[in-house]
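For reference, the structure discussed in these notes is given below.
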Amino acid sequence: MSVSATVRDGWSSAAAAIGALKSDRVVAVLEQQILSGELAPGTILPTEPELCAILGVSRTVLRDAVRALVARGLLSVRQGRGTMVAQPSDEAFSTAMVALLSRSGLTVAEVMDARQTVEIMLVRLAAASGAQADWDELERTERALMEAIAAADDVAAHAAHAEFHAGILRATHQPALVLMLGPMNKVALLTGTASVRSGTTEDWDLEAHRAILEALRLGDADAAEAAMRAHFERLDRSPIYLDLLDRPFAQAYFRAP
């Protein structure tokens, strides 16, 4: 998909407004068009020389702007295909949130308290709004978790664990909530990975996931909340988790493989 004539005309009109902060202005022009949908996901931008000519900027200015938009998850640069509008993703947001938490000075315990507060709210919403298809998908994820643990596949196990919690969020059937809280899944992955010893099943609380799922199938918000609380409380039995609690959250990040 190439850039439309209308968008090109918009760039030409905007070129006159690009002043001293040239890179910032280029970012603003392209960002507005991406967020408004004028530049749809998958749209391939003109070549660098062509875009420089349209916007009236140097290659250095354009490259700075492209780097900024790539960092925001709005553009992607692929060898042999050029620069294109990226597909919507929360990866940039997730990475930024983890970096912010890591630099905040917050402890693992403080982050986990916040995560518990949010997940208890979510499991109650899911119990009220979820459908059979949601619970079937959660059951498949739970099964994948157990199979990965049995196979000593730590990477797959942690991915399935994080996906189980993400499935509860999706079961709320609130799209805006899913978009806003989806990046929290990376925090769940990091804290979960850091608090479970590699190559052992002792630190996994499989009974908790089954209890959560059973309560959700029944649409019992109180039981689902109780099961989720128990899930977090049982973490206190894990020596490796207890060792993390008073440490900076950044250490959970660095301890995760």
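No lab work stands behind these numbers, since they all come straight from the coordinates. Note that the structure is predicted; figures quoted are calculated from it, not measured.
Could you give me the ³J(HN,Hα) list for segment 218-225, computed from phi with Karplus coefficients 6.51, -1.76, 1.60 and θ = phi - 60°, whole Hz, x at Gly and Pro?
Values, residue by residue: 7, x, 9, 5, 5, 5, 5, 4 Hz.
I need the phi-derived Karplus couplings for segment 83-88: 6.51 cos²θ - 1.76 cosθ + 1.60, θ = phi - 60°, integer Hz, Gly and Pro marked x.
Karplus-based 3J(HN,Hα) across segment 83-88 equals 9, 9, 6, 6, 5, x Hz.
Using modelled amide H (1.01 Å from N, peptide plane; none on Pro or chain starts), what sits under 5 Å from the amide H of L75, excluding residues fewer than 5 places away?
The list, which skips near neighbours in sequence, is V70, A86.
Amide H of T107 versus every other amide H placed in the peptide plane: which residues, excluding those fewer than 5 positions away on the same chain, fall under 5 Å?
Amide H neighbours of T107: F249.
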